[in-house]
1. Could you go through the stretch 284-297 and let me know if any residue there is under 33 Å from the mean Cα position of the chain (by Cα), assigned to a helix (DSSP H, G or I) and crowded, with 20+ Cβ neighbours inside 10 Å.
2. Of 305, 289, which residue is hydrophobic (A, V, I, L, M, F, W, C), free of Cβ contacts under 8 Å to residues at least 24 places away in the same chain and touching a helix residue (DSSP H, G or I) at 6+ places or on another chain (Cβ under 8 Å)?
3. Which of the residues belonging to the stretch 146-162 are farther than 18 Å from residue 334 by Cα and buried (at least 16 other Cβ atoms within 10 Å of the Cβ)?
4. Do any residues in the stretch 434-445 that are in a helix (DSSP H, G or I) have Cβ atoms under 8 Å from those of residues that are among the polar types (S, T, N, Q), where the two are at least six apart or on different chains, and which pairs are they?
5. Please list, ordered by first then second residue, the pairs with beta carbon atoms under 8 Å, 6 or more apart or interchain, first in the stretch 158-185 and on the phi > 0 side of the Ramachandran plot, second loosely packed, with under 15 Cβ neighbours inside 10 Å and among the small types (Gly, Ala, Ser).
6. Across the stretch 117-155, which residue is modelled with the lowest pLDDT among those that are closer than 30 Å to residue 166 by Cβ and in a helix (DSSP H, G or I)?
7. Would you confirm whether or not the stretch 37-48 contains a residue that is at pLDDT 70 or above, on the phi < 0 side of the Ramachandran plot and outside the structural domain of residue 387 (by TED's automatic domain parsing)?
Amino acid sequence: MHDEIVRTMFYSADPGFSELITRALGPDFLVRSCNLHDFSNVRNDGHECDVILVDLSEVGNSSAITRGLCLMETFKQTVPHIPIIAIVAYGDDDLARLLTGKGVFDTLASPPATAELRQLLRRAHRAHQSELELSLLRSPPLPPGRFGDLIGFTNVMAQTFDLARKLATCDVSVLITGETGTGKELLARAIHDLSPRCSGPFVGFSCANLPETLIEDELFGHEKGAFTGAVALRQGRFEQAEGGTLFFDEIGDLALGLQAKLLRVLQERTFERLGGDASITTNVRVICATHRQLESLSLQGGFRADLYYRLNVVEIHLPALWERREDIPLLAHHFLSYYGEQFQKELKGFSPVAMRALEEFSWPGNVRELENAVQRAVVMAEGATVELWHLPKNLCDAFDPATPGRSYEEAVRDFKRRLILRTFRECGGRKTEVARTLGVTRSYLHRLMNQLQIPRTELADGLPDPESSTERLM
């Protein structure tokens, strides 16, 4: 069974070379030979191809190189999502770097090895298909894969959305965990919007970097004259959220003294304003979020265990962006469409090298950092396509265009590592349960861990008790 046909437009000044390449590629590649000096068919036929191949291997022929660069610029303006592969003279690294900077998908030295050329054309074809799919996803309405303002099509996000939908209709406390910037407040809002309390208010409050007295006033309010400057009665967040949802962001930063008061409110459903004696009944749903390990924190005495169990009726973990890299193109195009409309710019997409830089960046700030990067790129972009130099400097500095993209085998290896690490966290480090969850034998799991070179220290990372975790990993 043949692979899918790859439609290729091959621009070369040498008809003999075109014929040689066409015959070498074989029947799985539909090659249309074009003259490097004739651009007339770009606008009409460019939409009908998957990849464009340009021969710039004529050493010293500046005219051919100029023609090739003009051709690539024409394609970027006409059909910016179609990847371009350039054949350059052997050893011409300067031209290869120039082309990469211009947004070429990849380069090959002349004469190209047939197997390498076929593989590169197929990889470019897959990139083209992804661009087409993403262009459809940018068109409203969004298909399944969205929960409120959160977007994700990976399995881990689908499971997160399914769990959130189930508990949205149940009036229980929810603890949302995940790194900073993963969208914990967006998830809380989406749960509120699907709950029976959706007609009530959604009130958010951050526990981070505020003095204890100010937090108490913010939560419970005060009576007139309760302290100097209290010239009028003030309602706190519990009263403001009556009948709706109260969201505590970074609950792990709440002082121990206030933790006891919050626990009392959750248990008794009553509180008093500062400076007041009257008990006020409250009817709110509490959703909390944190980037910290509350269970470990409670064992160390930094967080009340009774409050932790009261808040953690159901826990939802939002994965970091590096754990779901497959969603990066989708999110990037979503932000591109949003800020393009906001800033009234007609942007068609990202150049292949810019998208590669986005996909390979570590994203310590997660989705929030990605959104900020795309917003900046939209502001900086002057043409129809976001280029590498439109992205933030730290992202450009971390990206090496000379380093080839990950191979299929590397992507699979990386996926296996992430899957095993995540399953170890979910199973509390119990190797037998990990093997059962993954549907493999314990001996095979052990061999796989050795093949992937996963150290015990990395497996134990994030588990509640490092000493007992090490024992479980034996």
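The values are calculated or read from the model by the stated rules, or taken from the named source; none is laboratory data. Just so we're clear, the structure is a prediction, and the values are computed from it rather than from any experiment. Here the Cβ positions follow ideal geometry from the backbone for every residue, glycine too, while neighbour counts run over all protein chains shown.
1. Step one: filter the stretch 284-297 for residues under 33 Å from the mean Cα position of the chain (by Cα), giving 284-297.
Still in the running and assigned to a helix (DSSP H, G or I): 294-297.
After this cut, where a residue has to be crowded, with 20+ Cβ neighbours inside 10 Å as well, the list is 294.
Within the stretch 284-297, one or more residues are under 33 Å from the mean Cα position of the chain (by Cα), assigned to a helix (DSSP H, G or I) and crowded, with 20+ Cβ neighbours inside 10 Å.
2. Details: 289 fails: free of Cβ contacts under 8 Å to residues at least 24 places away in the same chain.
Criteria check complete, one pass: 305.
3. Listed by number, the residues that qualify are 156, 160, 161.
4. 434/423; 435/441; 437/423; 438/423; 442/432
5. Nothing qualifies.
6. Of the residues in the stretch 117-155, the ones closer than 30 Å to residue 166 by Cβ are 133-134, 136-155.
Restricting the remaining residues to those that are in a helix (DSSP H, G or I) gives 133-134, 136-137, 155.
Details: 133: 59, 134: 59, 136: 44, 137: 47, 155: 82.
The selected residue is 136.
7. Residues of the stretch 37-48 that are at pLDDT 70 or above, as a first pass: none.
No: zero hits.
Listed here are the residues, each with its yes/no results for (1) modelled with pLDDT under 65; (2) outside the structural domain of residue 300 (by TED's automatic domain parsing); (3) charged (D, E, K, R).
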position	(1), (2), (3)
403	yes, yes, no
423	no, yes, no
426	no, yes, yes
436	no, yes, yes
460	yes, yes, no
466	yes, yes, no
